[in-house]
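Only the coordinates and a few stated rules stand behind these numbers; no lab work does. All values derive from a computational prediction rather than experimental measurement. So basically every Cβ, Gly included, is an ideal-geometry build from the backbone, and we count neighbours across all protein chains shown.
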C-alpha cells in the first residue's frame with residue numbers, strides 16, 4: 001500500500017507542479033538570486049485578497065490545499081499574485097522538482113531538455129515537505145517569482161517566462177485539473 005500511495009502522490013505532485021512550467025519554452029539560462037527575506041517582500045494581504053482555493057487529491061489521497069491571492073480586480077498574469085500550497089503529506093524536494101519539470105514539458109508540448117536549465121534553480125527553491133508545511137510562490141511578473149518555505153524566502157527565480165511557466169501548472173489553460181484551476185481563479189460555477 002505504501003508503494004502505491006507514494007507512486008500516486010508523486011504522480012499528482014508531478015502533474016500539479018509541471019503543468020505551470022510547461023507553457024513556454026526556456027530560451028535563456030535562469031538566474032537564481034539568493035537574498036535575505038527583507039529585500040523582497042511578499043505582497044501584504046491588504047493589497048491582495050484570496051481569489052479562490054482548491055484541494056488536490058490523487059485518487060483518494062489528499063496531497064495539498066491551494067489558495068490563490070491576487071488583486072481585488074481578479075487574476076491577471078500581468079499583476080502580482082501569490083499561490084500558497086499547504087501540504088497534507090510528506091513529499092521530497094526531488095519529487096517536487098521532477099514533477100514540476102515533467103509538467104512544464106507536458107503543458108508546453110516542448111522537450112525535456114528545454115527545461116533542464118531550471119532543475120538546479122528549482123532544487124534551490126524547494127524543500128522536503130511534510131503535513132502542514134507551506135510553499136508559497138509570489139509572481140512579480142511573467143519573468144520573476146520568489147519562493148518561500150514556511151514563511152522564509154528560499155529563492156528568487158528570474159528568467160523570461162519563468163513565472164508564467166511555473167504557475168501555469170495550476171493556473172494555465174492546460175492544467176491537469178481544470179475544475180481545480182477554476183476554483184483557484186474564483187470561478188466556481190464553471
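Worth a mention:
- The ranking of 94, 78, 65 by Cβ neighbour count inside 10 Å, starting from the fewest, reads 78, 94, 65.
- Inter-label distance, nm, simple model (7 Å from Cα along the C-beta direction), residue 188/residue 117: 4.2 nm
- Fewest-first sequence of 64, 57, 164 by Cβ atoms within 10 Å of each Cβ: 57, 164, 64
- Extension reserve of the residue 92-residue 141 stretch, reckoned as 0.36 nm per residue once the Cα distance is removed: 14.9 nm
- In this label model, residue 47 and residue 124 are separated by 2.4 nm, measuring between points 7 Å along each Cα→Cβ vector.
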